[in-house]
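These notes concern the structure reproduced below.
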Amino acid sequence: MSDCSVSRRRFLSTSAAVGAAAFTARHAGAAGNSESSPNDKIHLGIIGTNGMGRGNLDNCARHSDVVVTAVCDVWEARRKPVLAQFPQAKEYTDYRELLADAGVDAVIIATPPHWHALIAIDAARAGKDIYLQKPMTLHLAESLAVKNAVKRHNVICQIGTQIHAAENYRRVVEKIRSGHIGAVSVARTFNVMNQGPAGIGKVTDTTVPEGLDWNMWLGPAPERPYNALLAANSYNHCSFMDYSGGWTPGMAPHIVDLPIWALAPGYPTSVSCSGGRYIIDDDGDAPDVQEMTFQYPNLTITWSMSAINSFAYDFGSGTPARRLGIYFFGAKGTLRANYGNHEVVPEGDYFDPAVLPDDDDAIPASPGHEFEWIECMKTRTQPSCSPEYHCQIDIPLVLGNLAYRLGRSIQFDPQKLAIVGDEEAARLAVPEYRAPWKFPKEYLA
């Protein structure tokens, strides 16, 4: 991603046609065209090569049907090691040039969160299948636009909530759906840690490192001087609201996923959030405490985040650490879980241990989150964490951050997927991108 000199008109007029045509021709066999060889490879590119993106890429590269053919990052120091690992791949600094490459079938998008929605929409428009790291988006309009773009352009998209593939989550979902703990009225979720009053720290040097295009790193987000802490990694991103949305988008997609999956509540009717930046004094501006409530018909789901205390109820205390948990409160028992374990606590005689999942409740083991995406590309079916599903997680969270920003609850229409009776909230739900970037409002319908 060099400067913004690449013509957006040229990109939009060519990449969608050549990208979609190239993939359709190369992989038509998966859709029943006998003239295409079933042994053709999926040509994969990556946009954003730090942190989790590297892990996603390594997992995909182990699949026999994948060849890594394109690597893009605005930072040379992060781009070059990946190119050394995959010497056959083309090098890009501007994601639009990668998307315009007819030889690329699919992309992993693992940039900082403020870029996710725009690049995903552009990738869909270019006919590329997408593995999009979470958080999917930071604003309601972005959530809707990503969902609509994926559907409109018929691309395959998996959101990178890798824990969705874990065995423990599957067994929890089976038990909740079977009625093992009775009807569930409340699900509580949380992620806690203790960064201490100094948080991630402070820096004063604003010198942009050699080989980094800082203007392109900022992209559609507000302009600001280079900050080494902000640019360091995804952990630090969560301390800066404009570039990540804070720790709620940073961790909640993984954790709120479990009750949304198990209970299938759809979309909330109202969302509220309280909290603030009470203790931490660092270069960031994200809240160090948030408490969100998502109201559904006959169900309440809550999300709790703390960066200043790591007490985690049944999931640990004492020495500061990052901890998380999910509680399902049922009429006959309580199920508590984290990523790797779960336990049922009976409600005395109300609990019937004989009520267990049967074959109808069974969820098969996952082949792996990235492998599922790859297999879905070949069959042209959406994976388990497509935007259509993930919006049920993403939208409550972005509405929660909007409620935090406004200091009031937000009413939401689950059928129209629209904010109700609050013109200011509806206006702020559509992001203002920094010029020359523009939010693609055509994907809101």
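The values are calculated or read from the model by the stated rules, or taken from the named source; none is laboratory data. What you see is a predicted model, and the numbers here were worked out from it, not measured in a lab. Heads up, the Cβs are rebuilt from the backbone with ideal geometry, glycines too, and the neighbour counts pull from every protein chain shown. Just so you know, the surface numbers come from the protein's heavy atoms only, side chains and all, with ligands and any DNA or RNA stripped out. Shrake-Rupley method; radii C 1.70, N 1.55, O 1.52, S 1.80 Å.
Summary table below
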item: Number of positions in segment 411-433 that are under 22 Å from the mean Cα position of the chain (by Cα) and in contact (Cβ under 8 Å) with a residue 24 or more places away in the chain; result: 9
item: Scope segment 376-392; condition of a type in the set (D, E, K, R) and open to solvent by less than 10 Å² (accessible area, probe 1.4 Å); matching residues; result: none
item: Checking Asp205 against (1) in contact (Cβ under 8 Å) with a residue 60 or more places away in the chain; (2) in a loop (DSSP other than H, G, I, E, B), the condition it does not meet; result: (1)
item: Test for Ala28: is it farther than 24 Å from Trp214 by Cβ, modelled with pLDDT under 95 and either touching a Gly at 6+ places or on another chain (Cβ under 9 Å) or surrounded by 20 or more Cβ atoms within 10 Å (Cβ to Cβ) (or both); result: no
item: Test: residue in segment 368-387 that is touching a helix residue (DSSP H, G or I) at 6+ places or on another chain (Cβ under 9 Å), free of Cβ contacts under 8 Å to residues at least 60 places away in the same chain and not in a strand (DSSP E or B); result: no
item: Answer from Val66, Val74, Val82 - the residue that is in contact with a Phe, Trp or Tyr (Cβ under 6 Å, 6 or more places away or on another chain) and modelled with pLDDT of 95 or more; result: Val74
item: Selection from segment 393-424 of residues that are in a helix (DSSP H, G or I) and open to solvent by 40 Å² or more (accessible area, probe 1.4 Å); result: Tyr404, Arg405, Glu423, Glu424
item: Test: residue in segment 247-265 that is modelled with pLDDT of 95 or more and in contact with a Cys (Cβ under 6 Å, 6 or more places away or on another chain); result: yes
item: Residues located in segment 225-266, provided they are among the aromatic types (Phe, Trp, Tyr) and surrounded by fewer than 18 Cβ atoms within 10 Å (Cβ to Cβ); result: Tyr226, Tyr235
item: Leading residue by the ranking (farthest from the chain's Cα centre (by Cα)) among those in segment 291-318 that are hydrophobic (A, V, I, L, M, F, W, C) and in a loop (DSSP other than H, G, I, E, B); result: Phe311
item: Flag if Gly284 is of a type in the set (Gly, Ala, Ser) and either at positive phi or touching a His at 6+ places or on another chain (Cβ under 6 Å) (or both); result: no
item: Positions within segment 98-111 being crowded, with 19+ Cβ neighbours inside 10 Å, of a type outside the set (S, T, N, Q) and out of contact with any Leu (no Cβ under 9 Å at 6 or more places or on another chain), in sequence order; result: Leu98, Leu99, Ala100, Asp101, Ala102
